[in-house]
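Take a look at the structure set out below.
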Amino acid sequence: MTVPSVAKAAGKTAITRDGFTTGLGVLAATLGSAVGLGNIWKFPALTGMNGGAAFILIYLLCTLLVGLPVMIAEQMLGRHARADAIRTFRKLAPGRFPWWITGVMGFAAAFLIMGFYTEVAGWVFAYIVKAASGQVLSTDPAVTSAAFEGLVTSPLLSLVVQWVVLLLIGAIIMMGVSKGIERTTKRLMPVLFGLLVLVGLRSLTLPGAGEGLAFLFRPDFSAISGEVVLIAMGLAFFKLSLGMGTMLTYGSYFREDQNIPATATRVMLADLTVSLLAGIAIFPAVFAFGFAPDAGPSLLFVTIPAVFTAMPLGSVFMVLFFILCAVAATGAMLSLLEVPVSILNEQFQMSRRRATVITLVGLALVGSLAALSSSATAGLKLFGMNAFDLYDYTTSNILLPLGGLLICLFVGWVWGYKNMKAALSNHGALSNERVITGLFLLVKFVAPVLILIIMLNGLGIV
Ligand code: TRP
């Protein structure tokens, strides 16, 4: 086995850690984590339900003032400690306050997010087949809706598609960080961008596409409430894979010479571009064919197939579109899986293979409740939500913001400016002091205050 360059660069000889080998690899993997069903399934659904452009504007503000600083903080901590999400805090915060709980929360959040994410990914994989075989080729939402219902209300199909997804990403994760994650995402990301531009162009050239664009870009603030702001912030966390140690874990595989603020900014901008492109691919077509934009989570599986069927060459574009979704979901799931796998691997000294198998079994159990939430366990509700919605709501609107808050407080008030400056300037190699000062103020004051206010207000506490 060759010694990974990251371990050499970090000057550590005791444990050789796998890591990303090139700057491009870092970018592909990190962007691969950020871009996912969040862009294509969540972003359009939430935008459609919460008033369009006004929601996007608030989401943008949350991304800039909270998301970007948290992403940079996470990557910085991970690279500095070169450890998983729990051990990073044990290493950097040996004092009394148990900051490592942030890592434990991340471990739990990974299971809850994967619990529903693998199911949606399973639908996407199934839809590639359905689209190719013509099963969802209808312009009648009642027909496409029945096809979707047929899938989600079948306990067996729901479980099988989820297991297929789990096995696929488990196999990639077992190959390791550089040979599994880096190699896969490097190949998939260009495919994703190419497909997205293609589908976007098709949608934009439809007659009547303008109304969809207006919906995306002309703000109407009447739909905005405290809860909507919380949902927008939750989306910012979910979108950039923040608040549960994903970016921290990936940061621990970064090279020493990686410019973290620049990398994070690029990833944020590219991710935003994908979301807007997804919106541009979806909404003009939705309006052009007279469908409602506020269908919510089923927009992707009920409205979109009908929209595609209604356009020339639609069946071809529909297959391409669902392949695109599958590609995006894969890179994101790899990063979600890596968090618990690296914790079991390093903190609990398990082999990577064993850590992966145990995580997959856990995920299959936690995930089955979400998979069966429209069939066998439909009656199982907490706070009026089934397991699928509960996993989704509690992670985006509670666990991720809470994790982000803890990370900000730790960096701003415990780790401090000096450490942050050394880490983000690569020990003086980069002259980016002003950027670092600005980031520090965001992390220490602005982001924590915003997170607290938005959470308390959005959850109806104050
Ligand atoms: N960002 C991904 C998406 O938009 C999902 C994701 C991957 C994620 N890793 C994460 C969300 C960690 C929250 C936390 O689809």
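The values are calculated or read from the model by the stated rules, or taken from the named source; none is laboratory data. Note that the structure is predicted; figures quoted are calculated from it, not measured. Note: ideal-geometry Cβ built from the backbone for every residue, glycine included; neighbour counts use all protein chains shown.
Please go through segment 348-374 and pick out each residue that is crowded, with 20+ Cβ neighbours inside 10 Å and of a type in the set (S, T, N, Q).
Listed by number, the residues that qualify are T356, T359, S368, S373.
Quick one: S222 ticks every box in (1) modelled with pLDDT of 95 or more; (2) assigned to a helix (DSSP H, G or I) bar one, so which box is it?
Looking at each condition in turn, S222 falls short on (1).
Which residue out of L336, L320, L300, L277 is surrounded by fewer than 22 Cβ atoms within 10 Å (Cβ to Cβ) and closer than 21 Å to F125 by Cβ? Walk me through it before giving the result.
Details: L336 fails: surrounded by fewer than 22 Cβ atoms within 10 Å (Cβ to Cβ); L300 fails: surrounded by fewer than 22 Cβ atoms within 10 Å (Cβ to Cβ); L277 fails: closer than 21 Å to F125 by Cβ.
The match here is L320.
Test V161 against the criterion of being assigned to a helix (DSSP H, G or I) and surrounded by 16 or more Cβ atoms within 10 Å (Cβ to Cβ), and give yes or no.
Working: assigned to a helix (DSSP H, G or I): yes; surrounded by 16 or more Cβ atoms within 10 Å (Cβ to Cβ): yes.
So V161 passes the test.
If you go through segment 335-361, how many residues are more than 16 Å from the ligand (Cβ to nearest atom), under 26 Å from Q75 (Cβ atoms) and in contact with a helix residue (DSSP H, G or I) (Cβ under 7 Å, 6 or more places away or on another chain)?
Filtering segment 335-361 down to residues more than 16 Å from the ligand (Cβ to nearest atom) leaves 344-358, 360-361.
Imposing the further condition that a residue be under 26 Å from Q75 (Cβ atoms) reduces the set to 344-350, 352, 355-356.
If we keep only those that are in contact with a helix residue (DSSP H, G or I) (Cβ under 7 Å, 6 or more places away or on another chain) too, we end up with 344-347, 350, 352, 355-356.
Total satisfying the criteria: 8.
Assess whether L206 counts as being out of contact with any Lys or Arg (no Cβ under 6 Å at 6 or more places or on another chain), aliphatic (A, V, I, L, M) and outside any helix (DSSP H, G or I).
The answer is yes for L206.
Determine if segment 240-251 includes at least one residue that is modelled with pLDDT of 95 or more and over 27 Å from I454 (Cα atoms).
Here is the first cut: in segment 240-251, the ones modelled with pLDDT of 95 or more are 240-251.
Now restrict to residues that are over 27 Å from I454 (Cα atoms): 250-251.
Yes, segment 240-251 contains a residue that is modelled with pLDDT of 95 or more and over 27 Å from I454 (Cα atoms).
Given segment 346-462, what helices (runs of 4 or more DSSP H) lie entirely inside it while holding 3 or more residues that are over 25 Å from the mean Cα position of the chain (by Cα) and closer than 30 Å to T263 by Cα?
Numbers: elements: 352-371, 387-394, 400-409, 416-424, 433-441, 447-458.
Counting at least 3 such residues, we get 416-424, 433-441.
Check V129, V124, V143, V136 and return the single one that is of a type in the set (A, V, I, L, M, F, W, C) and within 16 Å of the ligand (Cβ to nearest atom).
Working: V129 fails: within 16 Å of the ligand (Cβ to nearest atom); V143 fails: within 16 Å of the ligand (Cβ to nearest atom); V136 fails: within 16 Å of the ligand (Cβ to nearest atom).
Going through V129, V124, V143, V136 in turn, the sole match is V124.
Only residues that are among the charged types (D, E, K, R) and either outside any helix (DSSP H, G or I) or surrounded by fewer than 21 Cβ atoms within 10 Å (Cβ to Cβ) (or both): list them for segment 164-203, please. Walk me through how you get there before you give the answer.
Filtering segment 164-203 for residues among the charged types (D, E, K, R) gives 179, 182-183, 186-187, 202.
Listed by number, the residues that qualify are K179, R183, K186, R187.
Y253 passes all but one of (1) more than 14 Å from the ligand (Cβ to nearest atom); (2) more than 26 Å from L151 (Cβ to Cβ); (3) surrounded by fewer than 22 Cβ atoms within 10 Å (Cβ to Cβ); (4) not basic (K, R); which number fails?
(3)
If T330 passes every condition in (1) within 14 Å of Q162 (Cα to Cα); (2) away from the ligand (no atom under 15 Å from the Cβ); (3) surrounded by 22 or more Cβ atoms within 10 Å (Cβ to Cβ); (4) among the polar types (S, T, N, Q) but one, which one does it miss?
For T330, the failing item is (2).
For segment 213-232, give me the residue count where each residue is closer than 18 Å to S275 by Cβ and either within 13 Å of the ligand (Cβ to nearest atom) or free of Cβ contacts under 8 Å to residues at least 12 places away in the same chain (or both).
Residues meeting the conditions: 1.
Can you pull out every residue in segment 141-157 that is over 22 Å from M318 (Cβ atoms) and crowded, with 18+ Cβ neighbours inside 10 Å?
Within segment 141-157, no residue meets the criteria.
Out of the residues in segment 379-438 that are closer than 19 Å to T63 by Cα, among the hydroxyl-bearing types (S, T, Y) and without any contact (Cβ under 8 Å) to a residue 24 or more places away in the chain, which is surrounded by the most Cβ atoms within 10 Å (Cβ to Cβ)?
Ranking the candidates gives Y393 first.
Keeping to segment 235-250, report how many residues are near the ligand (Cβ under 9 Å from one of its atoms) and among the hydroxyl-bearing types (S, T, Y).
Taking segment 235-250 as the starting set, the residues that turn out to be near the ligand (Cβ under 9 Å from one of its atoms) are 235, 237-247.
Then drop every residue that is not among the hydroxyl-bearing types (S, T, Y), which leaves 241, 246.
Looking only at that region, the number is 2.
Restricting to segment 31-89, and then to whatever is within 19 Å of F221 (Cβ to Cβ) and outside any helix (DSSP H, G or I), can you tell me which residue is nearest to the ligand (Cβ to nearest atom)?
Within segment 31-89, the match that is nearest to the ligand (Cβ to nearest atom) is N50.
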